[in-house]
1. Could you calculate, for the chain, the ratio of the Cα radius of gyration to the Kirkwood radius, expressed as Rg to Rh?
2. Determine the relative contact order of the chain: mean sequence separation of Cα pairs under 8 Å and six or more apart, normalised by residue count, in whole percent.
3. Per-residue counts of other Cβ atoms within 10 Å, averaged by peptide: what ranking do you get for 24-32, 75-83, highest first?
4. When Lys and Arg each count +1 and Asp and Glu each count -1, what net charge do the other residues less than 15 Å away from Gln24, Cβ to Cβ, add up to?
5. Assuming 0.36 nm per residue, please report the length gained on full extension of the stretch Phe4 to Asn51 beyond their Cα-Cα distance.
6. How much net charge surrounds Leu33 when only the other residues with a Cβ under 14 Å from the Cβ of Leu33 are counted, with Lys and Arg +1 and Asp and Glu -1?
Amino acid sequence: MGTFYLSVISMLGFFMSILTLSMQYKHLLSVLLSLEAAAMNLFMMLFSFSNNVCYSGQTSLIFITLGACEASLGLAILVSIIRAQGNDYVSSFSTQKC
């Protein structure tokens, strides 16, 4: 019964992070933080759903490792964009400047 509550809380957290992503779309850091919250809630959901599978620990470890790599890559991109453009506004990004 405890895993049911964990899965419900993680689903609610995932939908709240998607809602935050759609409403707070001004700065790249806000976008990255809401995506990281979505990834962490997906990690909790995966852990609660695969509680009875014998490889749940390995799957969870792989997913949390990929989440950490995603976070570090996002922060590296954020730093390089701030150094190149001077701000992190999403509206200032353009693919025509290449």
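1. Working: Rg = 16.5 Å, Rh = 15.1 Å.
Rg divided by Rh gives 1.10.
2. Numbers: 72 pairs, mean separation 31.1, N = 98.
For the chain, the relative contact order is 32 percent.
3. On the way: 24-32: 15.7, 75-83: 12.1.
Taking the mean over residues of other Cβ atoms within 10 Å, the ranking is 24-32, 75-83.
4. Values: positive: Lys26; negative: Glu36, Asp88.
Surrounding charge for Gln24 is -1.
5. Values: separation 47, 0.36 × 47 = 16.92 nm, distance 1.08 nm.
Fully extending the segment from Phe4 to Asn51 adds 15.8 nm.
6. Numbers: positive: Lys26; negative: Glu36, Glu70, Asp88.
Around Leu33, the charge tally is -2.
The numbers here are math on the coordinates, done by the rules we state, and not lab data. Everything numeric in this text was worked out from a predicted model, so none of it was measured. Positions of Cβ are generated from backbone atoms using ideal geometry, with glycine treated the same way; all protein chains shown enter the neighbour counts.
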